[in-house]
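The values are calculated or read from the model by the stated rules, or taken from the named source; none is laboratory data. On a predicted model such as this, the values are computed, not experimentally measured, just so you know. Note that each Cβ is placed from the backbone with ideal geometry, even for glycine, and that neighbours are counted across all protein chains shown.
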Amino acid sequence: GVAFGVAFGVAVLRPENWLFSLFNLNHLMNGSFLLPRITILSLPNLDSRLKKWLLNDWNNGIYNVNQLLRYTMQFIPVVKAVNEALNTKPPEQIIWSISQLTETIYDWELIHFTSAALNDKLISRAIDDFILPFPGKQRLKGNLNTDTRIDTPYRAVAAGFWYLHEKQPFKAVQAFEVVRSLLYGEEMYILAITLAVFNDIKNLDSIANLQIPTFPTIDLLRPTTWQILDRFVKVIEDIKIINVSFSRVSRSSALNRALGELTTILNTADNLPKAEKELIIDIAQNWQQQLLQIAGEVGEIVITKPVNNPYVIGDPVMGKLFIGREDIIRQLEELWLKGIQVQSVVIYGHRRMGKTSILLNAANSLGNEVKVVYVNLLKLGNVTQGVGEVLMAISDKISQVLNIEPPNDDDLLRLPERTFNRYFEKVIKDLSGRLIIAIDEFEKIEELIKAGKISPDFMGFLRGLVQEDSQVAFAFAGLHTLDEMTANYFHPFFSSVINIPVGFLNRGATAQILANPAIEDFLLDYTPEALDKIYDLTYGQPYLVQLVGFHLVRLYNDFTFEQGKKRESVFTVEDVEAIVKKPEFFQRGSNYFNGVWGQAGENNDHIQKTILIHLAKDTIGLTVNELIELTGIDETDLQKALDTLKRHDVIGENQGYWRITVELFRRWVFKSYSGNL
C-alpha cells in the first residue's frame, strides 16, 4: 500500500520536474522552454511574478495567464496571482479588468475561482476520493464553502460574469447588485436584469408584457450588447402588435419584422462579449421558436381582390389619413387654446398644399373648448346680392356649428351689416368657449371687391367683429399673405394676424403617407428607392404625392386583376416612372398644374410664365444672367418675378442657379408650353 502511494505520487506530482525547475528559476522568469508542463506542484514564486506582470500591464499579463493555462498545469498559482492582482487594483478598474479577462480567457474556471475558494474546492474533491462513510464525508464538507463569494467587490464582479457565462442571469443580478456604485456597475446590473427577464419568458404574452428597465446610453462597457438588446425591444413592440391587432396584414408584417430582428441577432452573435453571448443566443432562439409556432396562424398575405385605393386626390384629407402637418396643428393649438385670447391667423401656401385639410382637421383636434366654423368662399358662386350673400354663408355655417338660428335671409340682404352684427352679438353671448371663423380661399374677397360686388371696407367690418370679444378670431386660408394683397382692402388685419406658411412635406412624411396610408389591410408596399423617387418627383407636394400613390394602386389592380398577370406587391422605381409618363397622370393632375400656372400669370403679367418656360427646359437650372440673355427681360423686373415665384414655392435657388422646385410641374410646363418660345 505504501509503495503504491509513493509510486502514485511520483507519477502524478512529478517532483523531479518541480526540483529541476528550482535550478532553472532564472530561465523560468524569462519564459524558458524548461518550464515544467506536467506537474501540478506550484512553482516557487510563479504567483508573485505573474502578479507583477498583471499589475504592470493587464493585457500582457492576461496573455501570460493564458499561456500558463494552455501549456502547463500551474492552475493554482495562476488563480492566486489573479486574485491578488485584482485585490490590489483600485475599485474603479475592477469591472473593466475582469471584463477584459473574460474576453480572452483560456479556461473559464479561472473566472469561477476568482470568486470561489479554490482551496475549499480542492479539499472537497479530495474528501470525495477518500474511502469514508457518507455521513462522515458530509460532516467534513459541511465546513467548506465551495460556492462563489460576493464579499469583496472583485469577487462579486467575477461571480456576475461567471453566472452570465453559465446562463444563470438571476444569480448574476445578485452579484452585480453588490457593485452598482462602481464604474460600469450600474450598467452591468441593468444588463443582468434585462437578460434575466428576457430569459424567463414562457410564451408570447409574457414577452409582450415584459417590464424593461431604462437602458444606459453613454460611456458604455458593452455597447455591442446594448445594440442587440435594442433589437429585442423592437421584437417586443412587434409582438404587442401581433397580440392585439385585428389586421391580418399588420400581424403578418409585425411577425416578419420580429423574425427578421431575431435572425439579425443570431447572425451577429459572434460580435457579442463572451460572457453573455451564449445566453443571448438561447434567448433569441427561444423567442424565435415562440414566433414560429404562430407563423401558420398569422399566415402569409395573399391578395385575392383589387386593393382599395387609400389615396385621396382633390378632396380634403381627413382623420388618420391626415399625416405630416402635426407641427401646424400644434401651432394652432397654442394660438387658439393656450393663450389669454385667441389669435387670428393667415394660413397660406402653394396650391393644393393641404390648407383646407389643416382647417378641417384642426376643428376635430381642438376639442370642445374651441369651435371652428369653416366657410369656403368658392361655394359662393356668382355673387349678385352683394355683401349680404357673403354674410349669409358665414351665418349659416355658424348656425350649423353652434346650433343658433341664423338671421332671416331677407334681413341679411336688406341690412347686411346691422343684421349680422345683431346675430353675432347673440352668438358671443351664448358662446361657452372660443370661436374661430375659418375663411377658406379668402382671395375671393379681393375678387369681389375689385368687381364692385362688396365694399372695400368689408375687411374692416370683419376686424370689428373680432374686437368685440377676445375669444373670437379669424383664420384666413389662401395662396397669399395679407401684405401681398391690395393693402387698402386688408390693412385692418395687418397688425393682428400671424402668418403660418404651409410648405412641402419632408422626405420622411412623404414616405409615411405612401407606405402607411392609415387604412386597415393595405397590402401593398414600396421599395426605399421608389419612395425616394416619388419625393424627388413631387418634392413632398401633398396633392402630387397622393396622386402618384393613387395611380400606383390603379396600376397594380389593373395589371393583376384586369389583365390577370402576376406581379410583386411592392412598387419599384420602374413602376413610378411608368405611371408619371402616362398622359392620364397629367390630365388628372391638371387642376394643380393649371392652378400654379395661372397664379404665375396673375394681373396679365407674363414675365413669370416666360421664366418658367425657360427653366422647364433645363433640369440643372439657369443663372440670372442666362435668364436675362434668354428672355430679354430687364434685370430688375426679372429679379422681382424670381422673388415672387420663390415666395410662392414654385422655384428655388441654389448656388446661383434657379430651377423649378417640383420636377413633375417642370415636366408639365415643358410638355405644355416649350413650343411657345
(request) Would you point out which residue out of 228, 218, 212, 190 is within 23 Å of the chain's Cα centre (by Cα) and assigned to a helix (DSSP H, G or I)? (result) 228
(message) Given the condition modelled with pLDDT under 50, surrounded by 18 or more Cβ atoms within 10 Å (Cβ to Cβ) and either of a type outside the set (Ser, Thr, Tyr) or in contact with an Asp or Glu (Cβ under 6 Å, 6 or more places away or on another chain) (or both), answer yes or no: does some residue in the range 45-52 qualify?
(response) no
(message) Report every pair of residues separated by at least 6 positions or lying on different chains whose Cβ atoms are under 8 Å apart, first residue within the range 562-587 and in contact (Cβ under 8 Å) with a residue 40 or more places away in the chain, second acidic (Asp, Glu).
(response) 569/525; 570/525; 571/525; 572/529; 573/529
(request) With the checklist (1) under 27 Å from residue 549 (Cα atoms); (2) surrounded by 20 or more Cβ atoms within 10 Å (Cβ to Cβ) in hand, flag the one item residue 610 doesn't pass. (result) (1)
(request) Pick out, from the range 264-362, the helices (runs of 4 or more DSSP H) lying fully within it that include 1 or more residues that are modelled with pLDDT of 85 or more and under 25 Å from the mean Cα position of the chain (by Cα). (result) 274-293, 326-333
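So if I check each of 638, 642, which one is surrounded by 15 or more Cβ atoms within 10 Å (Cβ to Cβ) and touching a strand residue (DSSP E or B) at 6+ places or on another chain (Cβ under 9 Å)?
Values: 638 fails: touching a strand residue (DSSP E or B) at 6+ places or on another chain (Cβ under 9 Å).
Going through 638, 642 in turn, the sole match is 642.
Working only within the range 567-605, note down all residues that are outside any helix (DSSP H, G or I) and surrounded by fewer than 19 Cβ atoms within 10 Å (Cβ to Cβ). Before you say what the answer is, go through the steps one by one.
Taking the range 567-605 and keeping what is outside any helix (DSSP H, G or I), we get 567-572, 581-582, 589, 601, 605.
567, 568, 569, 570, 572, 581, 582, 601, 605 - these are the residues of the range 567-605 that are outside any helix (DSSP H, G or I) and surrounded by fewer than 19 Cβ atoms within 10 Å (Cβ to Cβ).
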(request) Considering each residue of the range 196-209, count those that are part of a loop (DSSP other than H, G, I, E, B) and within 17 Å of residue 285 (Cα to Cα), and give that number. (result) 4
(request) Residue by residue through the range 484-511, note down the ones that are at pLDDT below 85 and either among the β-branched types (Val, Ile, Thr) or more than 19 Å from residue 650 (Cα to Cα) (or both). (result) 486, 487, 488, 489, 490, 491, 492, 493, 494, 495, 496, 497
(request) Identify all residues within the range 379-416 that are in a helix (DSSP H, G or I), small (Gly, Ala, Ser) and more than 21 Å from residue 436 (Cβ to Cβ); write none if there are none. (result) 388
(request) Could you pull out the residue among 465, 435 that is crowded, with 16+ Cβ neighbours inside 10 Å, in a helix (DSSP H, G or I) and either on the phi < 0 side of the Ramachandran plot or touching a Phe, Trp or Tyr at 6+ places or on another chain (Cβ under 9 Å) (or both)? (result) 465
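Considering only residues that are touching a Pro at 6+ places or on another chain (Cβ under 7 Å) and under 20 Å from residue 448 (Cβ atoms), which ones fall in the range 399-419? If you could, list the steps in order and put the result at the bottom.
Step one: of the range 399-419, the residues touching a Pro at 6+ places or on another chain (Cβ under 7 Å) are 399, 419.
419, the sole residue that qualifies.
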(message) Test of understanding: among 217, 225, which residue is of a type outside the set (Asp, Glu) and modelled with pLDDT under 95?
(response) 217
